[in-house]
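One structure below.
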Amino acid sequence: QWITGEAARADGHRWRARACAILTGIGTVRQDDPQLSVRSVATLRQPRRIVVDRHAETPPAARVLAGEAALVVTAGGRNPDWPGGVELLTLPDANGRIDLPGLMRALGGRGVNELHVAAGAKLNGALLAAGLVDELLLYLAPCLLGDPARGVAEFATAMGRLSDRIALAIHDIERVGDDLRLLARVVRKDD
């Protein structure tokens with residue numbers, strides 16, 4: 001079930017505990033049924049749990065919807081089977097997808113100043129392509145996975161040219177148990 005070791009997972013939860021909210025997508029909810037909570041380390045509060053779910057397909061029994069109020073962001077209506085404590089935020093863009101820049105503005109308006117994303121390649125790629133990622137916290141386990149494993153980010157348009165790349169400035173590399181933790185900041189083209 002786990003790619004990284006116990007020390008790296010606990011380290012990741014320490015980083016989660018810093019965040020105001022944790023964001024994931026419907027694909028991760030379907031695949032992993034995450035809790036999006038801080039575990040393994042002491043914390044004074046749990047971050048807000050947010051699911052990007054264009055068509056309101058998050059299963060009502062999903063662990064992310066249990067307990068304290070979760071926020072589900074859709075491009076349409078509410079799933080009538082969701083628990084009553086689930087908050088809905090409807091943010092469609094012109095193409096019927098989630099307005100990701102609008103989501104970031106809405107979260108900022110709610111006092112979310114540090115957002116931890118624990119998502120799959122599709123949502124990660126959309127956030128990176130929209131210029132909405134400031135830094136990446138990546139863990140490298142001492143193993144290799146091939147197809148059909150998915151990468152960190154999937155982009156809707158081809159990024160095969162070197163000029164299309166998203167540049168990173170590496171700020172820290174640290175060994176955590178048997179794994180490596182890499183902290184890199186996205187370099188903006190206008191910086």
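The values are calculated or read from the model by the stated rules, or taken from the named source; none is laboratory data. Small disclaimer: the values here were computed from a predicted structure and weren't measured. Here the Cβ is made from the backbone with ideal geometry for all residues, glycine too, and neighbour counts use every protein chain on show. Side chains are part of the model used for accessible areas, which takes the heavy atoms of the whole protein and leaves out ligands, DNA and RNA. Shrake-Rupley method; radii C 1.70, N 1.55, O 1.52, S 1.80 Å.
Numbers for the structure displayed
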quantity	calculated
Heavy atoms of His55 accessible to a 1.4 Å probe, total area in Å² rounded to 10	120
Cα-centre dipole for the chain with unit charges at Cβ (Lys and Arg positive, Asp and Glu negative), debye to 20	240
Per-residue ³J(HN,Hα) for the range 34-51, Karplus 6.51 cos²θ - 1.76 cosθ + 1.60, θ = phi - 60°, Hz, x for Gly and Pro	x, 8, 6, 10, 8, 10, 6, 9, 6, 8, 7, 8, 8, x, 5, 9, 10, 10
Shape of the chain, Cα gyration tensor, a/c cut at 1.5	oblate
Note, ³J(HN,Hα) from phi for the range 179-190, Karplus 6.51, -1.76, 1.60, rounded to Hz, x at Gly and Pro	9, 10, 10, 10, 10, 10, 9, 6, 8, 6, 5, 8
Under 15 Å from the Ala130 label point (7 Å along Cα→beta-carbon), backbone N, the range 143-159	154-157
Three-way shape label, the range 122-191, alpha-carbon gyration tensor, a/c 1.5	oblate
Average accessible surface area per residue within the range 1-93, 1.4 Å rolling probe, Å²	50
Percent antiparallel among DSSP beta bridges (both partners in the range 31-153, rounded to 5)	10
Among 22-30, 98-106, the order from most to least packed when residues are scored by Cβ within 10 Å on average	22-30, 98-106
Calculated FRET value between Asp190 and Cys20, using beta carbons and R₀ = 30 Å, to 0.05	0.70
CD proxy at 222 nm, helix term only [per DSSP H run n ≥ 4: -39500 (n - 2.57); per residue of the chain; nearest 500]	-6000 deg cm²/dmol
Spacing of the two label points (7 Å from each Cα toward its C-beta) at Glu57 and Ala169, in nm	4.0
Heavy-atom accessible area order for Ile173, Ile50, largest first, 1.4 Å probe	Ile173, Ile50
Net +/- balance of residues flanking Thr58 in space, Cβ distance below 13 Å, scoring K and R +1, D and E -1	-1
Loop GluC sites (Glu not before Pro), the range 91-174, which have at most 16 other Cβ atoms in a 10 Å radius of their Cβ (DSSP)	Glu114, Glu154
Exposure ranking of Leu89, Leu132 by accessible area [1.4 Å probe, largest first]	Leu132, Leu89
Accessible-area ranking of Trp15, Trp2, largest first, probe 1.4 Å	Trp2, Trp15
Anisotropy class of the range 90-140 from Cα gyration tensor, a/c 1.5 cut	oblate
